[in-house]
Amino acid sequence: MDLEFMKLHGNGNDFILIDEYGCQCIPDDMKAQFAALYCDRRFGIGGDGVLYLQRSTQADLRMRLFQPDESEAEMCGNGIRCFAKYAFDTGYVEKSCSIETLAGIIRVEMGYEDDTFQATIDMPDPKFAREDIPATGTGEYRETIDGMEVYAVNTGVPHAVVFVETIEAVSPEETAPPIRHHQTFPKGANVNFVQRAGGDSLKIRTFERGVEGETLSCGTGATAAAAIAYHLGYVTSPVTVETSGGPLIISLGEVTRTTGPATTVFKGIISF
């Protein structure tokens, strides 16, 4: 059996995409194991997750995302842009579409600007209440963990945000785990270290739950950082968030939107 896949990335946050629009390629009970095997960067293809493109009864398409630790994520901002690029290039959708995710129906506007694919995603409204993150306790989240002041918000998935003087001085692999696994987060949390970069700009480094390491970019993380900074009055909308892999533009207000690129890396075949 030969299985075609596409490798894409959004600002360096990379994914393997499996097209299941016509038929199921990987049985549901094997999708998590498939992600653990093929996301490995030495013994597999390499990636921060596996995207499955499927038919939907609620939207134009359905996206499922399995991560290297075999967990299924609610959604992913960079992943949706990569998913949308493949769907657009393949002809499944045109300049706008709706995508079913575990975090709800996500609307996307997309197209090419010169040779660069850009997509704007209507993100879930940021949720600041602890029960919606989810986190223990009541009210908005603000805790001191290992001497760090930590805020939290749900932007489709749970995110913790720590403001730092300079992100270059941070070691996410060492600093993030106590926050990511903190007892106040029953489902864990992604951890973002954020630097105010002047004006309406932020710089960010993200340690992702499920990847269990730092990624070059995180769309929901950039949105979380911008939402917390906006909520605290540090910035006005739109906010430019500079990830390690490139910038994302976050618009906040009545609707939360994230705009950024997606790139196709290569197409391949797995032979079983």
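Report yes if some residue within segment 76-97 is more than 19 Å from Asn11 (Cα to Cα), crowded, with 16+ Cβ neighbours inside 10 Å and touching a helix residue (DSSP H, G or I) at 6+ places or on another chain (Cβ under 6 Å); otherwise report no. Spell out the reasoning first.
Kept after step one, since they are more than 19 Å from Asn11 (Cα to Cα), are these residues of segment 76-97: 90-97.
Subset that is crowded, with 16+ Cβ neighbours inside 10 Å: 92-93, 97.
Those left that are additionally touching a helix residue (DSSP H, G or I) at 6+ places or on another chain (Cβ under 6 Å): 93.
Checked segment 76-97: at least one residue is more than 19 Å from Asn11 (Cα to Cα), crowded, with 16+ Cβ neighbours inside 10 Å and touching a helix residue (DSSP H, G or I) at 6+ places or on another chain (Cβ under 6 Å).
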Answer with yes or no whether Thr240 is over 30 Å from Met1 (Cα atoms), β-branched (Val, Ile, Thr), outside the structural domain of Asp69 (by TED's automatic domain parsing) and in a loop (DSSP other than H, G, I, E, B). no
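Quick check, is Phe272 of a type in the set (Phe, Trp, Tyr) and crowded, with 24+ Cβ neighbours inside 10 Å?
Here the answer is no, as Phe272 does not meet what is asked.
Taking Val211, is it under 17 Å from the mean Cα position of the chain (by Cα) and not in a loop (DSSP other than H, G, I, E, B)?
Details: under 17 Å from the mean Cα position of the chain (by Cα): yes; not in a loop (DSSP other than H, G, I, E, B): no.
No.
For every residue, the table says whether it meets (1) assigned by TED's automatic domain parsing to the domain that holds Asp28; (2) touching a residue at least 24 places away in the same chain (Cβ under 8 Å); (3) more than 15 Å from the chain's Cα centre (by Cα).
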position: Met63; (1), (2), (3): yes, yes, no
position: Ser71; (1), (2), (3): yes, yes, no
position: Cys76; (1), (2), (3): yes, yes, no
position: Ile80; (1), (2), (3): yes, yes, no
position: Phe83; (1), (2), (3): yes, yes, no
position: Val93; (1), (2), (3): yes, yes, yes
position: Asp114; (1), (2), (3): yes, no, yes
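Mind listing just one residue for me: the one in segment 1-18 that is over 16 Å from Phe83 (Cα atoms) and not charged (D, E, K, R) and, of those, surrounded by the fewest Cβ atoms within 10 Å (Cβ to Cβ)?
Selected residue: Met1.
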Selection from segment 137-159 of residues surrounded by fewer than 24 Cβ atoms within 10 Å (Cβ to Cβ), closer than 18 Å to Pro172 by Cβ and in contact with a strand residue (DSSP E or B) (Cβ under 9 Å, 6 or more places away or on another chain) yields Ile145, Met148, Glu149, Val150, Tyr151
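Kindly establish whether Tyr21 is outside the structural domain of Gly246 (by TED's automatic domain parsing) and surrounded by fewer than 17 Cβ atoms within 10 Å (Cβ to Cβ). If you could, list the steps in order and put the result at the bottom.
On the way: outside the structural domain of Gly246 (by TED's automatic domain parsing): yes; surrounded by fewer than 17 Cβ atoms within 10 Å (Cβ to Cβ): yes.
For Tyr21, the condition - outside the structural domain of Gly246 (by TED's automatic domain parsing) and surrounded by fewer than 17 Cβ atoms within 10 Å (Cβ to Cβ) - is met.
Surrounded by 19 or more Cβ atoms within 10 Å (Cβ to Cβ) and of a type in the set (D, E, K, R), is that true of Glu208?
yes
When residues of segment 22-37 are filtered for being touching a strand residue (DSSP E or B) at 6+ places or on another chain (Cβ under 6 Å) and over 20 Å from Glu74 (Cα atoms), how many remain?
Here is the first cut: in segment 22-37, the residues touching a strand residue (DSSP E or B) at 6+ places or on another chain (Cβ under 6 Å) are 25, 31-32, 35.
Okay, now just the ones that are also over 20 Å from Glu74 (Cα atoms), so 25.
Of the residues in segment 22-37, 1 are touching a strand residue (DSSP E or B) at 6+ places or on another chain (Cβ under 6 Å) and over 20 Å from Glu74 (Cα atoms).
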inquiry  = Val164 - would you say it is surrounded by fewer than 22 Cβ atoms within 10 Å (Cβ to Cβ), free of Cβ contacts under 8 Å to residues at least 60 places away in the same chain and of a type outside the set (D, E, K, R)?
reply    = yes
Pairs returned, first residue in segment 19-46 that is on the phi > 0 side of the Ramachandran plot, second residue that is in a loop (DSSP other than H, G, I, E, B), beta-carbon separation under 9 angstrom, 6 or more apart or interchain, are Gly46/Cys39; Gly46/Asp40
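Is it true that Glu100 is charged (D, E, K, R) and exposed (fewer than 13 other Cβ atoms within 10 Å of the Cβ)?
Numbers: charged (D, E, K, R): yes; exposed (fewer than 13 other Cβ atoms within 10 Å of the Cβ): no.
For Glu100, the condition - charged (D, E, K, R) and exposed (fewer than 13 other Cβ atoms within 10 Å of the Cβ) - is not met.
One line per residue, one yes/no per condition, for (1) of a type outside the set (A, V, I, L, M); (2) assigned to a strand (DSSP E or B); (3) surrounded by fewer than 24 Cβ atoms within 10 Å (Cβ to Cβ):
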{"position": "Thr220", "(1), (2), (3)": "yes, no, no"}
{"position": "Ala227", "(1), (2), (3)": "no, no, no"}
{"position": "Gly260", "(1), (2), (3)": "yes, yes, no"}
{"position": "Val265", "(1), (2), (3)": "no, yes, yes"}
Contact list, first residue from segment 244-267 and closer than 16 Å to Pro124 by Cα and without any contact (Cβ under 8 Å) to a residue 12 or more places away in the chain, second anywhere and of a type outside the set (Phe, Trp, Tyr) and outside any loop (DSSP other than H, G, I, E, B), beta-carbon distance below 8 Å, six or more apart or interchain, is Ile249/Val239; Ile249/Thr240; Ile249/Val241; Ile249/Thr258; Ile249/Thr259; Ile249/Gly260
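Could you pull out every one of the strands (runs of 3 or more DSSP E) wholly within segment 15-125 that has 1 or more residues that are polar (S, T, N, Q)? So that I can check it myself, show each step before the final result.
Working: elements: 50-54, 61-66, 96-101, 104-113, 116-123.
Those strands (runs of 3 or more DSSP E) span 50-54, 96-101, 116-123.
The values are calculated or read from the model by the stated rules, or taken from the named source; none is laboratory data. Small disclaimer: the values here were computed from a predicted structure and weren't measured. Neighbour counts run over all protein chains shown; Cβ positions are idealised from the backbone, glycine included.
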